[in-house]
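The values are calculated or read from the model by the stated rules, or taken from the named source; none is laboratory data. These figures come from a predicted structure and were not determined experimentally. Every residue, glycine as well, gets a Cβ built from its backbone with ideal geometry; the counts of neighbours run over all protein chains shown.
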């Protein structure tokens with residue numbers, strides 16, 4: 001594990017229970033601003049992952065290193081040495097890595113939009129990755145592509161400046177690493193022994209491979225529940241924060257969600 005420290009946004013330190021929110025790829029801690037407002041009665045920790053946001057100088061990004069860094073954050077900053085974990089997309093993959101390493105420090109986990117049906121690291125894939133990086137990285141920070149991505153996620157327009165800044169700060173080499181880690185992620189073998197409660201989510205409009213990943217993940221995790229959030233897509237904490245916050249509160253307080261969500 002590299003020794004550099006991550007930037008961490010921290011609020012509500014006086015509250016007894018800790019939540020750690022882990023953002024998705026090419027984003028930063030700002031993507032959970034609507035959740036911080038709704039969980040003022042919790043101690044909230046929102047790190048910027050390596051090579052993202054205000055942790056841009058912490059490198060290189062890997063899922064394993066990010067997981068180890070967040071484990072250190074839990075051990076040093078979470079109240080009673082345990083935390084509720086929330087992660088979307090890449091953040092969910094990091095949570096799965098944490099669960100495979102040290103599940104006893106996780107109170108429960110909420111993951112959504114998490115890719116687990118990954119592809120082999122073949123020569124063909126590596127060529128495609130190189131091509132994608134060469135063609136997309138130079139233009140991904142332009143207003144045109146930022147707005148196009150926001151439309152694809154149904155992201156409210158007021159996130160434009162944050163999204164643009166987070167995208168533009170990531171250089172092509174970092175983008176390639178982040179994309180490769182995401183697409184080549186494999187479920188850790190030790191997950192089959194994890195007993196920590198996990199809520200596995202996907203948006204009804206999320207990518208089909210994400211929904212398939214969620215279904216497979218439910219079969220792997222012994223103590224998991226799986227639901228589809230209606231009428232939303234991949235980054236539904238931004239698209240529909242009220243629904244996301246309600247489901248997270250229900251999950252953390254063991255309130256039945258069958259009347260709100262669609263069961264896998």
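Examine segment 61-69 for a residue that is part of a loop (DSSP other than H, G, I, E, B) and modelled with pLDDT of 95 or more, and state whether such a residue exists.
So far as segment 61-69 goes, yes, one or more of its residues are part of a loop (DSSP other than H, G, I, E, B) and modelled with pLDDT of 95 or more.
Would you be able to tell me the number of residues in segment 98-113 that are within 16 Å of residue 64 (Cβ to Cβ) and crowded, with 24+ Cβ neighbours inside 10 Å?
Here the count works out to 2.
Scan segment 81-91 and tell me whether some residue there is farther than 21 Å from residue 14 by Cβ, part of a helix (DSSP H, G or I) and under 15 Å from the mean Cα position of the chain (by Cα).
Yes - at least one qualifying residue is present in segment 81-91.
Which of the residues belonging to segment 214-264 are crowded, with 19+ Cβ neighbours inside 10 Å, part of a loop (DSSP other than H, G, I, E, B) and touching a helix residue (DSSP H, G or I) at 6+ places or on another chain (Cβ under 8 Å)?
Across segment 214-264, the qualifying residues are 221, 232, 233, 234, 235, 261.
Return the total of residues in segment 253-264 being under 26 Å from residue 40 (Cα atoms) and touching a strand residue (DSSP E or B) at 6+ places or on another chain (Cβ under 6 Å).
Total satisfying the criteria: 1.
Out of 36, 71, which single residue is in contact with a helix residue (DSSP H, G or I) (Cβ under 8 Å, 6 or more places away or on another chain), buried (at least 17 other Cβ atoms within 10 Å of the Cβ) and farther than 20 Å from residue 168 by Cβ?
Of 36, 71, the one residue that is in contact with a helix residue (DSSP H, G or I) (Cβ under 8 Å, 6 or more places away or on another chain), buried (at least 17 other Cβ atoms within 10 Å of the Cβ) and farther than 20 Å from residue 168 by Cβ is 71.
Only one of these conditions is not met by residue 208: (1) closer than 26 Å to residue 159 by Cα; (2) at pLDDT 95 or above. Which number is it?
(2) is the only condition that residue 208 fails.
Is it the case that some residue within segment 137-144 is under 21 Å from the mean Cα position of the chain (by Cα), over 17 Å from residue 178 (Cβ atoms), at pLDDT 90 or above and exposed (fewer than 13 other Cβ atoms within 10 Å of the Cβ)?
Among the residues of segment 137-144, not one is under 21 Å from the mean Cα position of the chain (by Cα), over 17 Å from residue 178 (Cβ atoms), at pLDDT 90 or above and exposed (fewer than 13 other Cβ atoms within 10 Å of the Cβ), which makes the answer no.
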